[in-house]
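In what follows, a single structure is set out as structure tokens and then discussed.
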Amino acid sequence: MSDVHAPRPFSEPSPLARRLAAAAVVLYAVIAILPLLWIGATAFKSQADAIAYPPKILFTPTLEGFVDLFTVQTHQSHDFIAKLPPPATWWEKIARDRDMVIAGPSRVVERFLNSLIIGFGSTILATFLGTLAAYGFSRFRVPLADDLMFFILSTRMMPPIAVAVPIYMMYRWLGLYDTRIGMILLYTAVNVSLAVWLLKGFIDEIPREYEEAALVDGYTRLQAFRKVVLPQAVTGIAATAIFCLIFSWNEYAFNLLLTSSEAQTMPPFIPFIIGEGGQNWPAVAAGTTLFLLPIVVFTIALRKHLLRGITFGAVRK
Amino acid sequence: MAEIRVEHLHKAFHGFVAVQNSNFVIEDRTFFVMLGPSGCGKTTTLRMIAGLELPTSGRILLDGADVTFKRASERDIAFVFQLFALYPHMNVRRNIGFPLVSTGMKRAEVKARVEEAARILRITDLLDRPVSGLSSGDRQRVALGRAIVRRPMAFMMDEPLGALDSEMRDVMCGELRGLHDRLKATTVYVTHDQTEAMSLGDKIAVMSHGVIEQWGTPREVYDRPASVFVADFIGSPPMNLLTFHDGLQPGRGSVRVGEADIGIPAPREAVTKRDLILGVRPEHVRLSDAARLRGEVFGTEYLGTTQIVTVTTPHGVTRARLAANVKVSIGEAVGLEFRPDRISVFDAASGQAIRTALHDHPHPMEHAHV
């Protein structure tokens, strides 16, 4: 600031300030991403490298962790393995190098598919129901609307796990125990309140005139909703979907309690990967890396909307 | 094109009466302006005609057909919103074509109609632009384009110039009137701006508290206000209102305001002695030393060709529109003279105008003195 009478426009900070701000952001990003890098690196380490102290930054990458993740193996004597025919595949070779024999595939693919089906299923359902409910609350005179909105919010006030036992008994009785549909319904029920509240805020911000214009332009209420409201609510819907997915994707306690073999998702499964002796960190890291991927892809795919969604209202004129 | 008939229209929200028993007819091809302060029910009336709001009771007839409870989409009425309501996720072309798409019209015809509308509004070069980058005047033109493109029976406009700056408003005001003269479409236009109402409207309805106070040509409304509210709302500065106590007899063309006898158009009804209000437009006030109605100059406002001189009298403040070269000084004692044939008299209690010779002819200006 050399000239007091001609200050820089607010939108243009000085180059130094810019560089400092950028450095701070980069530093924070590095700190934030470090655990993820650590997990990613561990997934490609051998068991010995994974627990080496001091930690190894440079190491020979191996797929041992992934092979352990996707297969069930038994330990055999060196002599027994020597008598076997030579390994037919690269993963068999990796196992045998450590005196292990592959007995069959593990259930990780099943668990991963369960996570995808339950996570995305409940997200789609919660967002769909939330959008319709939010639109109704936003646009129509609903009797006791404020009380109903509070009731919907109140379902979030109690930690869900507090009702775990009644839900367990109910699910047993209803035949929903250890079913994907049961988990989808449960996560939807938890998420829908968040979805209604978030989306009502977004839809409230969309001026009614747009729909009214569509109504006088010859469209029905439903057409106006689809052609005018939805395209403008897309940002809010995307942001809501991300929040819903993050919850149901990461949920651990209910899944542990309400599933056994059929509908188990990744979070309760990952701890079991560690294996006998609790040493197989590369396999855990491999499972975690795999578990992280969909949410990373989903968030990156919707990141434009997410950013706009979070700052919604602030940037509108 | 259509005639719009509104019968006993009534609208209440939670006990608040927005529109009270409105009755009026908008003739085919008329530019009809509903004028009034905010909250007077003009927008609610407009929205009921368009079908965006349902009346509590009453009927709305569009070319003789009862549309009172029909959906907005079934009424063939176009609506122009104050904040344009252009769909932000569509470009100009798709915005204008949107009403046609709902009718299932062929794409080639939609294209032709959109381009025709754009040509009329001179926005052809904007057709492929997103609406977000447009100036407010252009947005308004696009909104008008969306309204005219399907050639509806009538246009509803809710303060369409309210969001424009004053310069743009003058331009668009001229364009709107020009558009109406070309399309000859029945138009209902809502505004709180009397200048807009006067310059645009063939007919004006002045509303207050859900009631239509008066309904007529701009000239009728200006020259023969039906109530104190209209007299005070229309005109800048508004009509001077002087309170006095007297009675009226048919044929006796004068009243006593304090010490002064003031000539008025001959009353057509007898009124017993009571509180009355004399209404006179500033341009019908002159300063005259001989006049018995006296006052003191409070201030002057120079407007170029004219000046507004404010005079305090025992009966109320009076403003006179005088030639700019008349010399008056503040504090000076002056006499006031009114042009007798243009005076309105109101009953102070009801606020309604009392029938006088002023109301004899349908168009007073055509019979006006030179």
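Considering only the range B:71-109, state which residues are part of a loop (DSSP other than H, G, I, E, B), loosely packed, with under 15 Cβ neighbours inside 10 Å and more than 8 Å from every other protein chain (Cβ to nearest Cβ).
Hits for the range B:71-109 are B:Gly104, B:Lys106.
Taking the range A:259-302 on its own, how many of its residues are surrounded by fewer than 17 Cβ atoms within 10 Å (Cβ to Cβ), part of a helix (DSSP H, G or I) and in contact (Cβ under 8 Å) with a residue 60 or more places away in the chain? Give the derivation first.
Looking only at the range A:259-302, we keep the residues that are surrounded by fewer than 17 Cβ atoms within 10 Å (Cβ to Cβ), and these are A:260-262, A:271-272, A:274-279, A:292-293, A:295-297, A:299-301.
Imposing the further condition that a residue be part of a helix (DSSP H, G or I) reduces the set to A:271-272, A:276-278, A:292-293, A:295-297, A:299-301.
Restricting the remaining residues to those that are in contact (Cβ under 8 Å) with a residue 60 or more places away in the chain gives A:292.
Adding up the residues that qualify gives 1.
Kindly indicate whether any position in the range A:153-160 is outside any loop (DSSP other than H, G, I, E, B), surrounded by 15 or more Cβ atoms within 10 Å (Cβ to Cβ) and either assigned by TED's automatic domain parsing to the domain that holds A:Leu258 or out of contact with any Asp or Glu (no Cβ under 9 Å at 6 or more places or on another chain) (or both).
Of the residues in the range A:153-160, the ones outside any loop (DSSP other than H, G, I, E, B) are A:153-154, A:160.
In the following step, the residues that additionally are surrounded by 15 or more Cβ atoms within 10 Å (Cβ to Cβ) were identified as A:160.
Next, from what is left, pick out any that are either assigned by TED's automatic domain parsing to the domain that holds A:Leu258 or out of contact with any Asp or Glu (no Cβ under 9 Å at 6 or more places or on another chain) (or both): A:160.
Among the residues of the range A:153-160, at least one is outside any loop (DSSP other than H, G, I, E, B), surrounded by 15 or more Cβ atoms within 10 Å (Cβ to Cβ) and either assigned by TED's automatic domain parsing to the domain that holds A:Leu258 or out of contact with any Asp or Glu (no Cβ under 9 Å at 6 or more places or on another chain) (or both), which makes the answer yes.
Restricting to the range B:1-16, give me the number of residues that are surrounded by fewer than 16 Cβ atoms within 10 Å (Cβ to Cβ) and of a type in the set (A, V, I, L, M).
Within the range B:1-16, residues that are surrounded by fewer than 16 Cβ atoms within 10 Å (Cβ to Cβ) and of a type in the set (A, V, I, L, M) number 2.
For the range B:261-286, which residues satisfy the criterion of being more than 26 Å from the chain's Cα centre (by Cα) and β-branched (Val, Ile, Thr)? Lay out the reasoning, then the answer.
If we filter the range B:261-286 for residues that are more than 26 Å from the chain's Cα centre (by Cα), which is where we start, we get B:261-264, B:266-275, B:286.
Listed by number, the residues that qualify are B:Ile262, B:Ile264, B:Val271, B:Thr272.
If you scan the range B:115-160, which residues turn out to be more than 29 Å from the chain's Cα centre (by Cα), over 24 Å from B:Thr103 (Cβ atoms) and not small (Gly, Ala, Ser)?
Correct list: B:Asp125, B:Arg129, B:Pro130, B:Leu134.
Among residues belonging to the range B:57-70 that are away from chain A (no Cβ under 13 Å) and charged (D, E, K, R), point out the one that is nearest to B:Met153 (Cα to Cα).
Among residues in the range B:57-70 that are away from chain A (no Cβ under 13 Å) and charged (D, E, K, R), the one nearest to B:Met153 (Cα to Cα) is B:Asp63.
Within the range A:184-206, is there a residue that is assigned to a helix (DSSP H, G or I), under 30 Å from B:Arg150 (Cα atoms), within 13 Å of another protein chain (Cβ to nearest Cβ) and in contact (Cβ under 8 Å) with a residue 12 or more places away in the chain?
Yes: the range A:184-206 contains one or more residues that are assigned to a helix (DSSP H, G or I), under 30 Å from B:Arg150 (Cα atoms), within 13 Å of another protein chain (Cβ to nearest Cβ) and in contact (Cβ under 8 Å) with a residue 12 or more places away in the chain.
What do you reckon, is B:Leu46 touching a strand residue (DSSP E or B) at 6+ places or on another chain (Cβ under 7 Å), within 14 Å of another protein chain (Cβ to nearest Cβ) and modelled with pLDDT of 90 or more? Full working, then the answer.
Values: touching a strand residue (DSSP E or B) at 6+ places or on another chain (Cβ under 7 Å): yes; within 14 Å of another protein chain (Cβ to nearest Cβ): yes; modelled with pLDDT of 90 or more: yes.
So B:Leu46 fits the description; yes.
Take the conditions surrounded by 11 or more Cβ atoms within 10 Å (Cβ to Cβ), touching a residue at least 60 places away in the same chain (Cβ under 8 Å) and outside any helix (DSSP H, G or I) and apply them to A:Lys45. Does it pass?
Numbers: surrounded by 11 or more Cβ atoms within 10 Å (Cβ to Cβ): yes; touching a residue at least 60 places away in the same chain (Cβ under 8 Å): yes; outside any helix (DSSP H, G or I): yes.
Yes; evaluated as a whole, the condition is true for this residue.
Quick test for you: out of B:Ser208, B:Ser254, pick the one residue that is assigned by TED's automatic domain parsing to the domain that holds B:Glu301 and either among the polar types (S, T, N, Q) or within 30 Å of B:Gly15 (Cα to Cα) (or both). Give the derivation first.
On the way: B:Ser208 fails: assigned by TED's automatic domain parsing to the domain that holds B:Glu301.
Residue meeting the stated conditions: B:Ser254.
How many residues are under 17 Å from B:Pro237 (Cα atoms) and part of a loop (DSSP other than H, G, I, E, B) when one looks only at the range B:264-305? Break it down stepwise before answering.
Going through the range B:264-305, the residues under 17 Å from B:Pro237 (Cα atoms) turn out to be B:278-286, B:297-305.
Next, from what is left, pick out any that are part of a loop (DSSP other than H, G, I, E, B): B:281, B:303-305.
So the answer is 4.
Suppose we filter A:Ile31, A:Ile81, A:Ile102 for residues that are outside any helix (DSSP H, G or I), out of contact with any Phe, Trp or Tyr (no Cβ under 6 Å at 6 or more places or on another chain) and of a type in the set (A, V, I, L, M); which single one remains?
A:Ile102
Is it the case that the range B:266-285 has a residue that's crowded, with 19+ Cβ neighbours inside 10 Å and over 26 Å from B:Ala226 (Cβ atoms)?
no
Kindly check whether there is at least one residue in the range B:177-191 that is free of Cβ contacts under 8 Å to residues at least 60 places away in the same chain, farther than 29 Å from B:Gly64 by Cα and among the acidic types (Asp, Glu).
no
If I ask for residues that are at negative phi and out of contact with any Ser or Thr (no Cβ under 7 Å at 6 or more places or on another chain), which ones from the range B:225-238 would you list? Break it down into steps so the answer makes sense when it comes.
Taking the range B:225-238 first, the residues at negative phi are B:225-234, B:236-238.
Across the range B:225-238, the qualifying residues are B:Ala226, B:Ser227, B:Val228, B:Val230, B:Asp232, B:Phe233, B:Ile234, B:Ser236, B:Pro237, B:Pro238.
Among the residues of the range B:174-193, are any among the β-branched types (Val, Ile, Thr), surrounded by fewer than 22 Cβ atoms within 10 Å (Cβ to Cβ) and over 24 Å from B:Ala357 (Cα atoms)? Talk me through it step by step, then tell me what you get.
Residues of the range B:174-193 that are among the β-branched types (Val, Ile, Thr), as a first pass: B:186-188, B:190-191.
From what's left, surrounded by fewer than 22 Cβ atoms within 10 Å (Cβ to Cβ): none.
Within the range B:174-193, not a single residue is among the β-branched types (Val, Ile, Thr), surrounded by fewer than 22 Cβ atoms within 10 Å (Cβ to Cβ) and over 24 Å from B:Ala357 (Cα atoms).
Which ones in the range B:67-92 are more than 17 Å from B:Gly145 (Cα to Cα) and of a type in the set (Ser, Thr, Tyr)?
B:Thr68, B:Ser73
Scanning for something within 14 Å of chain B (Cβ to nearest Cβ), assigned to a helix (DSSP H, G or I), more than 24 Å from B:Ile96 (Cα to Cα) and in contact (Cβ under 8 Å) with a residue 12 or more places away in the chain, does the range A:225-235 turn up at least one residue? Please lay out each step first, then the result.
Step one: filter the range A:225-235 for residues within 14 Å of chain B (Cβ to nearest Cβ), giving A:225-235.
Still in the running and assigned to a helix (DSSP H, G or I): A:225-235.
From what is left, the residues that are more than 24 Å from B:Ile96 (Cα to Cα) are A:235.
Restricting the remaining residues to those that are in contact (Cβ under 8 Å) with a residue 12 or more places away in the chain gives A:235.
Yes, the conditions are met somewhere in the range A:225-235.
One line per residue, one yes/no per condition, for (1) within 28 Å of B:Thr191 (Cα to Cα); (2) in contact with a Pro (Cβ under 8 Å, 6 or more places away or on another chain):
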position	(1), (2)
B:Met239	yes, yes
B:Asp261	no, no
B:Asp275	no, no
B:Glu283	yes, no
B:Thr312	no, no
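Would you mention how many residues in the range B:110-156 are in a helix (DSSP H, G or I), away from chain A (no Cβ under 14 Å) and not acidic (Asp, Glu)? Let's see the steps before the verdict.
Of the range B:110-156, the ones in a helix (DSSP H, G or I) are B:110-121, B:124-126, B:131-133, B:136-148.
Subset that is away from chain A (no Cβ under 14 Å): B:111-112, B:115-116, B:118-121, B:124-126, B:137-138, B:141.
Still in the list and also not acidic (Asp, Glu): B:111-112, B:118-121, B:124, B:126, B:137, B:141.
Of the residues in that region, 10 qualify.
So for the range B:207-215 (the condition being crowded, with 19+ Cβ neighbours inside 10 Å, hydroxyl-bearing (Ser, Thr, Tyr) and farther than 17 Å from B:Phe338 by Cβ), does at least one residue qualify?
First, the residues of the range B:207-215 that are crowded, with 19+ Cβ neighbours inside 10 Å: B:207-208, B:210, B:212-215.
Then drop every residue that is not hydroxyl-bearing (Ser, Thr, Tyr), which leaves B:208.
Checking which are farther than 17 Å from B:Phe338 by Cβ leaves us with B:208.
Among the residues of the range B:207-215, at least one is crowded, with 19+ Cβ neighbours inside 10 Å, hydroxyl-bearing (Ser, Thr, Tyr) and farther than 17 Å from B:Phe338 by Cβ, which makes the answer yes.
Checking the structure you have, find out if any residue of the range A:2-25 is small (Gly, Ala, Ser), within 30 Å of A:Ala103 (Cα to Cα) and at pLDDT 90 or above.
Of the residues in the range A:2-25, the ones small (Gly, Ala, Ser) are A:2, A:6, A:11, A:14, A:17, A:21-24.
Narrowing the set further to residues that are within 30 Å of A:Ala103 (Cα to Cα) leaves none.
There is no residue in the range A:2-25 that is small (Gly, Ala, Ser), within 30 Å of A:Ala103 (Cα to Cα) and at pLDDT 90 or above.
Determine which member of the set B:Leu161, B:Leu144, B:Leu176, B:Leu183 is within 24 Å of B:Lys42 (Cβ to Cβ) and touching a Cys at 6+ places or on another chain (Cβ under 7 Å).
That would be B:Leu161, the only listed residue that is within 24 Å of B:Lys42 (Cβ to Cβ) and touching a Cys at 6+ places or on another chain (Cβ under 7 Å).
The values are calculated or read from the model by the stated rules, or taken from the named source; none is laboratory data. Note that this is a predicted model, so its numbers are computed, not measured. Every residue, glycine as well, gets a Cβ built from its backbone with ideal geometry; the counts of neighbours run over all protein chains shown.
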